[in-house]
Amino acid sequence: MARLKRVFWDIETSPNVGFHWGIGNKVRLTHENIIHEGQIMCICWKWEGQKKVNALRWLDDGKLLTDRFMVKEFEKVIHEADELVA
């Protein structure tokens, strides 16, 4: 029986930035309160049985990477895997 290609992965994001007058359990904030949407800071993954942890980060080798670019690059990893563990 062939062994599954299993990849463990995680995505970290920055917080949303918004306007509000207070915090608490009964405070209701809508999307209109957001002045800057959170962004993907990094995507990290590791193949089962390997020690190396791979990463795509906001700032990679002096280049600023966009959310779109990181997701497109990570999509290639996903298609190589038989099983994903988040």
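Quotient of the Cα radius of gyration of the stretch 15-62 and 2.2 N^0.38 Å, N being its number of residues: 1.83.
Helix content alone sets the calculated 222 nm mean residue ellipticity of the chain: runs of n ≥ 4 DSSP H residues at -39500 (n - 2.57) each, divided across all residues, give -5000 deg cm²/dmol.
Where does the charge balance sit around F74 when Lys and Arg score +1, Asp and Glu -1, over other residues with C-beta under 14 Å from its C-beta? Overall, the nearby charge balance is -2. The length gained by stretching the chain between H79 and I35 to full extension, at 0.36 nm per residue less their Cα-Cα distance, is 12.4 nm. Rounded to whole numbers, the Karplus 3J(HN,Hα) couplings from phi for the stretch 70-86 are 4, 5, 4, 5, 5, 4, 4, 5, 4, 6, 7, 8, 8, 9, 10, 10, 9 Hz, using 6.51 cos²θ - 1.76 cosθ + 1.60 with θ = phi - 60°, and x at Gly and Pro. The V71 and V27 beta-carbon pair, evaluated with R₀ = 35 Å, returns a calculated FRET efficiency of approximately 0.65. Taking Lys and Arg as +1 and Asp and Glu as -1, the other residues whose beta-carbon sits under 12 Å from that of V85 total -1.
For S14, project a label point 7 Å along Cα to C-beta. Then give me every residue of the stretch 45-78 with its amide nitrogen under 19 Å of that point. Within reach of a label on S14, which here means backbone N under 19 Å from a point 7 Å along Cα→Cβ, the stretch 45-78 contributes 56-72.
Rounded to the nearest 10 square angstrom, F8 shows an accessible area of 80 square angstrom against a 1.4 Å probe. Over all orientations, the chain has a Cα convex hull whose mean projected area works out to 8.7 square nanometres.
Given a 1.4 angstrom probe, I'd like the percentage of the accessible area of the chain that is carbon and sulfur, rounded to a whole number. Walk me through the numbers on the way to the answer.
On the way: 4040 of 7240 Å².
In the chain, the share of accessible area belonging to carbon and sulfur is 56 percent.
Here the stretch 28-86 is treated with +1 on each Lys and Arg Cβ and -1 on each Asp and Glu Cβ, and its dipole about the Cα centre works out to around 200 debye.
Among the lysines of the chain, pairs at least eight places apart or on separate chains and with Cα atoms under 28 Å apart come to 16.
The values are calculated or read from the model by the stated rules, or taken from the named source; none is laboratory data. The model shown is predicted, which means the values in this text are computed figures rather than measured ones. Positions of Cβ are backbone-derived with ideal geometry, glycine not excepted, and every protein chain shown enters the neighbour counts. Ligands, DNA and RNA are stripped out before the accessible areas are found, and what is left, the full protein with its side chains, is counted by its heavy atoms. Shrake-Rupley method; radii C 1.70, N 1.55, O 1.52, S 1.80 Å.
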